[in-house]
2 protein chains.
Amino acid sequence: MGLTFNPIHTTDAGGRRAQLRLPHQTVETPVFMPVGTAGTVKAVPQDTLESLGAEIILGNTYHLYLRPGHEAIRRMGGLHRFISWPRAMLTDSGGFQVFSLSELRNVTDEGVRFRSHLDGSSHFFTPEHSVDVQIALGADIAMAFDECTEYPADRARAEESLRLTMAWARRSLEHFRMHQHEVSWHGEIAGSQSLFGIVQGGMYRDLRKESAERLIEMGFDGYAIGGLSVGEPRDLTLEMISEVLPILPAGKPRYVMGVGYPDEIEQYARMGVDMMDCVLPTRAARHGLLFTSEGRLTIKNRQFAEDQGPPDPACDCMVCRRYTRAYLRHLMQAGESLSATLNTIHNLAYYLGIMRRVRASLEAPKAN
Amino acid sequence: MGLTFNPIHTTDAGGRRAQLRLPHQTVETPVFMPVGTAGTVKAVPQDTLESLGAEIILGNTYHLYLRPGHEAIRRMGGLHRFISWPRAMLTDSGGFQVFSLSELRNVTDEGVRFRSHLDGSSHFFTPEHSVDVQIALGADIAMAFDECTEYPADRARAEESLRLTMAWARRSLEHFRMHQHEVSWHGEIAGSQSLFGIVQGGMYRDLRKESAERLIEMGFDGYAIGGLSVGEPRDLTLEMISEVLPILPAGKPRYVMGVGYPDEIEQYARMGVDMMDCVLPTRAARHGLLFTSEGRLTIKNRQFAEDQGPPDPACDCMVCRRYTRAYLRHLMQAGESLSATLNTIHNLAYYLGIMRRVRASLEAPKAN
């Protein structure tokens with residue numbers, strides 16, 4: 001059994017308070033998952049992530065495949081052990097990075113040939129290979145190999161891209177079912193890896209619907225909505241999520257990939273999205289953008305040079321309890337790496353705090 | 001009263017186990033002081049430094065004067081408050097960085113004119129100005145403004161340099177005595193800042209002796225030996241320390257600046273040096289050099305690619321308890337900033353661990 005998903009309460013608006021039981025961790029949902037690209041949530045030590053209450057983090061298959069290599073990670077007992085993260089993990093399929101980072105891509109029905117952004121070496125990814133790599137990494141949740149349809153895409157392009165993604169989804173699932181027992185922690189930890197399918201279809205409601213229905217027929221452990229937050233206006237993102245959510249089975253987790261801003265993750269969670277991930281809080285932090293209850297702060301601005309208030313007066317994270325805006329500004333001005341660490345800790349605390357409050361508000365009203 | 005220095009036990013070899021009471025912290029000596037150049041021990045959060053047992057850290061006057069500026073720090077209540085470090089601090093005089101980092105230096109008896117390495121702006125430092133800046137920063141211990149004699153220096157050059165340093169020491173002390181009550185925490189925290197004089201004299205025993213005797217006449221709160229570890233062979237360093245230590249008053253702390261390797265700090269502590277600082281453990285960490293009970297590790301080496309042992313099997317620091325050599329190598333290979341953080345934490349734990357063991361060995365034998 002890969003996962004069990006236990007809804008505790010569902011609101012009229014569709015928002016679900018649930019528990020997602022994964023082999024390495026029971027995750028309280030809705031959940032925001034910090035992105036740990038190359039086996040590290042950039043600039044933050046693992047014990048700090050634990051203190052922040054992160055129950056599941058992402059790893060990027062593309063990055064880890066290139067460096068240090070999935071075979072090396074398999075030999076070392078899988079990604080959890082390699083990076084010393086005992087809680088839950090999810091790996092993406094590598095598809096998104098192949099299409100956004102690599103050079104000289106050549107896509108066929110069979111798969112995609114690309115050159116590494118690191119050293120120009122040539123690689124060929126198929127759905128089967130992506131699954132093999134993800135089994136070697138051994139995250140609790142793996143993702144089907146898909147093509148993230150670009151925005152804008154005309155209907156013919158969206159249809160063709162969807163055709164590819166659906167064919168790849170079936171191949172991913174078949175290969176996964178045959179090989180999932182090969183995960184390095186098989187027999188050591190109860191349970192097995194899960195595989196999620198990814199709904200694509202560009203910005204076409206009927207294609208999105210068709211995509212969801214076909215994936216459900218195949219029977220994945222959970223369902224993701226991909227290809228959003230790729231440049232489209234917010235109301236289109238919302239429209240696509242609204243179209244797909246009611247179709248997805250109530251007893252499986254629903255994951256919207258790559259979102260979003262603080263108000264977005266709250267909005268989607270209240271609509272019934274159970275899982276989200278985004279580089280925004282971590283990447284923005286490294287550029288000095290802090291999310292706070294008073295809005296966004298560009299901490300490098302001169303106005304903060306002698307501001308002795310905490311980054312966010314309403315936040316009780318370890319950064320806001322100890323440091324001032326003036327100090328964070330100084331660290332950034334001076335190019336000190338502690339800047340990325342402290343900014344990231346705060347932004348993650350802010351995002352995880354939002355989800356904590358959303359979860360509380362989705363609980364059933366207490367009986368009197 | 002700036003400081004009190006209470007020797008608990010002195011060995012036949014001259015090693016002293018003592019307590020150094022400073023306004024912000026009682027420091028167990030001999031002590032190694034991590035260097036926090038620009039208001040941060042690079043890559044390490046303050047709570048981690050506390051967990052490591054660091055009781056006193058350094059700040060660099062030159063760096064903080066240039067950015068964010070000593071007046072801004074004074075307005076914010078001093079360096080302790082600005083960087084949120086409640087324990088003891090020491091600031092250097094800025095002299096060493098003026099001579100090693102800045103451009104277009106012009107030294108006269110009055111002081112030194114230099115250009116900032118950051119923006120080329122022109123600045124003039126005198127002993128009085130260095131003391132003013134250090135009072136604004138408000139560390140527990142300030143240092144007299146000196147000229148660090150380069151190595152090699154012929155006798156005439158060493159004599160001339162010493163003449164300047166002695167004149168500047170007197171001016172530093174006079175100015176400090178007149179203005180030390182201006183420290184921002186005056187009246188809030190019991191005690192006052194202390195000022196240490198710095199013994200120079202190049203590699204000439206008689207100049208070193210003369211330097212120490214003249215500083216003692218002036219009457220500082222503690223005495224440092226500067227101008228060592230500037231390229232000379234180790235036996236010369238040792239010879240200069242051996243010459244000076246017996247002259248220095250037993251009731252005042254003795255500080256050797258800018259040393260050293262793990263075996264050096266242990267050796268000097270056993271000879272009677274109470275305080276040392278060095279960028280070595282922190283700077284080497286950022287370059288992937290780890291100090292361990294098994295010797296030095298260049299963590300980036302291929303041999304560690306799948307080494308699942310801890311960085312140092314004999315170390316129980318938070319890094320060695322959680323992470324493998326393979327993971328630290330990966331972080332460095334991938335250019336991840338967590339690499340600097342984890343490497344630095346281990347190296348500091350290693351240095352502070354050495355001093356902890358040396359302190360224990362300098363205690364009086366337990367009565368049976």
Problem - Sequence-distant lysines (8 or more away, or on other chains) whose Cα lies within less than 28 Å of A:Lys366 - result: A:Lys252
Completion exercise
Taking only the alpha-carbon atoms of region A:270-313, the convex hull volume per residue, in cubic angstrom, is 92 Å³
Exercise for the section: Against the globular-protein guess of 2.2 N^0.38 Å, express the Cα radius of gyration of region A:209-368 as a ratio, rounded to two decimals. Expected result: 1.24
Completion exercise
Sorted shortest first, the nm distances from the A:Asp47 label point (7 Å along Cα→Cβ) to its counterparts in the other copies are 1.1
Exercise for the section: Ignore the peptide's own chain and count Cβ atoms of other chains within 10 Å of each Cβ in A:66-78; give me the average, rounded. Expected result: 3
Exercise for the section: Scan around B:Asp146 for amide H atoms under 5 Å from its own, H built in the peptide plane at 1.01 Å from N, and keep only partners 5 or more places away or cross-chain. Expected result: B:Gly95
Fill in the blank from the handout: One finds the C-alpha centres of region A:100-142 and region B:187-247 to be spaced, in Å, by 62 Å
Handout entry: Length-normalised contact order of chain B in % [C-alpha pairs under 8 Å, at least 6 apart]
Key = 18 percent
Practice task
Round to a whole angstrom and tell me the spacing of the C-alpha centers of region B:21-95 and region B:262-287.
Solution key: 17 Å
Handout entry: Chain A residue with Cβ closest to the axis mapping A onto B, distance in whole Å
Key = A:Ser337, 2
Exercise for the section: Decide, for region B:8-162, between rounded, prolate and oblate: order the square roots of the alpha carbon gyration tensor eigenvalues as a ≥ b ≥ c, take rounded if a/c falls under 1.5, and otherwise choose prolate if a/b is larger than b/c, else oblate. Expected result: oblate
Practice task
Work out how far the C-alpha atoms of the protein assembly as shown reach from end to end along every principal axis, then list the three figures in whole Å, largest first.
Solution key: 91, 57, 49
Handout entry: Value at 222 nm in deg cm²/dmol, rounded to 500, when DSSP H runs of n ≥ 4 in the protein assembly as shown each add -39,500 (n - 2.57)
Key = -12000 deg cm²/dmol
Problem - Other-copy label distances relative to B:Ser116, 7 angstrom Cα-Cβ extension, nm - result: 4.2
Fill in the blank from the handout: Projected onto their principal axes, the Cα atoms of chain B stretch, largest extent first, over whole-Å spans of 58, 58, 47
Handout entry: Listed residue (B:Val244, B:Met318, B:Ile345) projecting farthest to the positive dipole end of region B:228-368, Cβ model
Key = B:Met318
Practice task
With θ set to phi - 60°, apply the Karplus curve 6.51 cos²θ - 1.76 cosθ + 1.60 along region A:240-252 and write out the HN-Hα couplings as whole Hz, x wherever there is a Gly or Pro.
Solution key: 5, 4, 4, 5, 8, 3, x, 7, 5, x, 5, x, 10
Practice task
Starting with the highest mean, order B:94-100, B:11-17 by the number of other Cβ atoms within 10 Å, averaged over the residues of each peptide.
Solution key: B:94-100, B:11-17
Exercise for the section: Could you list the GluC sites (Glu not before Pro) in region B:80-136 that lie in coil according to DSSP, counting only those with at most 16 other Cβ atoms within 10 Å of their Cβ? Expected result: B:Glu110
Fill in the blank from the handout: Where a ≥ b ≥ c are root eigenvalues of the Cα gyration tensor, a/c under 1.5 meaning rounded, otherwise prolate if a/b exceeds b/c and oblate otherwise, region A:111-204 counts as oblate
Fill in the blank from the handout: Share of Cα-Cα pairs in region B:178-257 beyond 20 Å, whole percent, is 39 percent
Practice task
Taking chain A as the reference, fit the longest principal axis to its C-alpha atoms, fit the long axis of helix A:205-218 to the helix C-alpha atoms, and give the angle between the two in degrees, 0 to 90, nearest 10.
Solution key: 70 degrees
Completion exercise
Under the 7 Å Cα-to-Cβ spin-label approximation, B:Asp206 and A:Asp47 lie apart by a distance in nanometres of 5.5 nm
Exercise for the section: Any aspartates and glutamates with Cα under 20 Å of the A:Lys42 Cα? List them, leaving off those in the same chain fewer than 8 positions away. Expected result: A:Glu50, A:Glu55, A:Asp92, A:Asp277, A:Glu336, B:Asp47, B:Glu336
Fill in the blank from the handout: at B:Arg302 the sorted inter-copy label distances (label 7 Å from Cα on Cβ side), in nanometres, are 5.3
Practice task
Might you list the cysteines of chain B that have no disulfide-compatible partner by the rule of another cysteine's Cβ under 4.7 Å?
Solution key: B:Cys148, B:Cys278, B:Cys317
Fill in the blank from the handout: To the nearest 10 degrees, the tilt of helix A:155-179 (Cα long axis) against the first principal axis of the alpha carbons of chain A is 80 degrees
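All of the numbers you see were taken from the coordinates with simple rules; none came from a lab. Small disclaimer: the values here were computed from a predicted structure and weren't measured. Heads up, the Cβs are rebuilt from the backbone with ideal geometry, glycines too, and the neighbour counts pull from every protein chain shown.
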